[in-house]
1. Anything in region 609-640 that is small (Gly, Ala, Ser) and either on the phi > 0 side of the Ramachandran plot or more than 20 Å from the chain's Cα centre (by Cα) (or both)? List them, or say none.
2. Could you list, in sequence order, all residues of region 66-96 that are buried (at least 19 other Cβ atoms within 10 Å of the Cβ) and in a loop (DSSP other than H, G, I, E, B)?
3. Residue under question is Ile597, and the condition is that it be surrounded by 21 or more Cβ atoms within 10 Å (Cβ to Cβ) and closer than 27 Å to Gly34 by Cα; does it hold?
4. From the list Glu136, Glu117, Glu143, exactly one residue is surrounded by fewer than 17 Cβ atoms within 10 Å (Cβ to Cβ), modelled with pLDDT of 90 or more and in a helix (DSSP H, G or I). Which is it?
5. Out of Val569, Val577, report the one residue that is among the β-branched types (Val, Ile, Thr), at pLDDT below 75 and under 24 Å from Val607 (Cα atoms).
6. Quick check: anything in region 582-590 among the hydrophobic types (A, V, I, L, M, F, W, C), outside any helix (DSSP H, G or I), in contact with a helix residue (DSSP H, G or I) (Cβ under 7 Å, 6 or more places away or on another chain) and over 26 Å from Gly39 (Cα atoms)?
7. Based on what the data block shows, is His629 in contact with a helix residue (DSSP H, G or I) (Cβ under 8 Å, 6 or more places away or on another chain) and in contact (Cβ under 8 Å) with a residue 12 or more places away in the chain?
8. Would region 56-65 turn up any residue that is touching a helix residue (DSSP H, G or I) at 6+ places or on another chain (Cβ under 7 Å), crowded, with 20+ Cβ neighbours inside 10 Å and in a helix (DSSP H, G or I)?
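The values are calculated or read from the model by the stated rules, or taken from the named source; none is laboratory data. What you see is a predicted model, and the numbers here were worked out from it, not measured in a lab. Ideal geometry is used to build each Cβ from the backbone, glycine not excepted, and the neighbour counts take in all protein chains shown.
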Amino acid sequence: MIVETLEMENFGPFYGLAEIQLGGGGRPVVIVHGDNMSGKTSILNAIRWALYGVAKDRLGNPMPTRQLINRDAYDEGQYRVSVRLHITQKTSKGQSKFILRRQKRARKADREPTSEEQFEEYLDIDHDGNVVHASEFSEIVAELLPEGIARFFLFDGELLDEYEELVGEGGEKGAAAVKHSIEMILGVPAVTKGRDDFALLEAEVAKKLRGEAKHDEASREATESAERLEAERTDLKDDLKVLNAQRKEVGVELASVEDILSASVSLREDAGALRELRQRVKDLEEDAATKREKRREKVRELWRDALAPTIEYHVARLSRERDATYQKLGKLREIVTRLAGLERGGLRDTCPQCGQKLPSETLKKLRAEQQSLRAEAEDLRGEADEERLNDLTAVAARLRDIAPANVAEIIASIEDDLRRNAASAYKAQQEIKALEERLRDEDPDKALLYEQKRKQYLHLAEELKTKINALGEEIAAKDREIDQATRIIQQHKVPALRTLSCELDLVKDVEKVFVESVDDLIRELRERVQVEASSVFEQLTTDETYDGLRINEHYGLTIVDGKGRDVEVRSAGAEQVVALSLIGALNRLAVKRGPVIMDTPFGRLDVKHRANILKFIPTLADQVVLLVHEGEVDRKRDLDPIASRIARKYEILHPTSSRSEILSA
């Protein structure tokens, strides 16, 4: 199956009609570049929705029709969305062409729909130029690409690691679903139908045997017992069908309620995030206002920076004058102390200590010193003024108080804070817009309305499970009783019974062999998946210490090192490589092949792994569409090596928040 052309009308960010050619014309790869939120995922969703009527949001939950319609178109009253796929399917006779279109529009075109029930769905099919009735749409899609296996062809690369987790040990419900999908890809259901045919053949032969045994007196009682038991078993199986149908309906209702609850949880998370972001913006605005006020205050002090040279000059001058005054004051104190000592001695002719008469020369020197000190003290008293010293100290201190305190630097720091604040506020505002768009027309608290329903469905499902298990045990008991009655009939040597008895034994033996063969086939297919996945893994991994992959019962894959040991701790990138290895193996072994459309496949991969995977991707399928952003793929370094395998390149432009355009790159 090849998707040649995708046409969208008002789907997601694509206002009006948008068309993209995806057919490769012999080259398998198509590259679509686009920024985040530009519409890459919408292309994947459009194909999924056209085929199966389901588009998924970022959490994997089904999206309501209202969210699919382009916002501008919806605001203009265009309450409709449509996708048309042009598909080529290879057949034994050549090629077959299909045009499939799915459209949903408001039942009343002039009235805004307020619920999903107010939308009506229209399906159109063209097969090789012939119009086909819409009732065959699902059957045709199931023939082209069954929904059960679509998860391995249409997927978001960010969720690649979940494929491995789903099929890992203990995955239970998820693992069983993926295991069933894998076995569908490998063609196991077609073989198991043969096993079911043998079971029907056994029942027919057993019925013939009992019919013939009615004519034998010795076998009549056992025959009547077997027929009675058969009738009872038939009634039990009918009851079981009813219970299984009820269980399926409950499962569908439960899944629907859980989808709503899951979506509601995400909505409540979004609503909580929205509240936090709004509070964040408010806090940022208050912080910015505080910083702007502080900036205004500092601007008023900028004159201090302007006077800085003058103030520094005068502070230095005053400091020098103060230091000089301090030194002179100290000198004056020393002189006063010396004079006081001389004056206490009285400058008498005799020494006051020993009483001896002083030499006249010594006395002359002391009197000369006294006179000199008095003159020096008189000179210093005009400059060595303690009050002047205090005044100089006080004035210098006051000047230092008004000296520049790096006011310009403080203002520059405030400006940097305000710029960071503005950037954070802008980012928060953008996130708020995205959340408001997701929450548009939604009720974040609607989970409360469905929680009780979920509990009721869970209780009912458990009751049905108990009844189904009990019926299963009763049917198994009837089977044993019927087998016992049948063996009694077979013991009689009537020729007609002998022939039918041999035929019944033969059918049972063949059925047993067939069942064992199916089990052997599944084991063989699982081993082939392991071999192929290991082969792909060796091409993709950059770690030479890895030896390959080991598969488990659920088709989960574990990395094995060179010593045969399981590698238990794996990075997100390694998980993606393992999952791609599984997908590559399944595409090699698939009985039904389809296009591989990957959204954001390289987000967690390093350059070397990305190069290996890009080299491998052209061999993955006949058609591979990669939806990538600039951060994932370097257009020259990554794409030049596979340029000869690329059929087309596109660029998604996103001029407004609600519109995107697809252009050839």
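1. Ala611, Ala621, listed by residue number.
2. Across region 66-96, the qualifying residues are Asn70, Tyr79.
3. Yes; evaluated as a whole, the condition is true for this residue.
4. Step by step, each of Glu136, Glu117, Glu143 is checked, and only Glu136 is surrounded by fewer than 17 Cβ atoms within 10 Å (Cβ to Cβ), modelled with pLDDT of 90 or more and in a helix (DSSP H, G or I).
5. After ruling out the rest, the residue left standing is Val569.
6. Scanning region 582-590, I find at least one residue that is among the hydrophobic types (A, V, I, L, M, F, W, C), outside any helix (DSSP H, G or I), in contact with a helix residue (DSSP H, G or I) (Cβ under 7 Å, 6 or more places away or on another chain) and over 26 Å from Gly39 (Cα atoms), so the answer is yes.
7. So His629 passes the test.
8. yes
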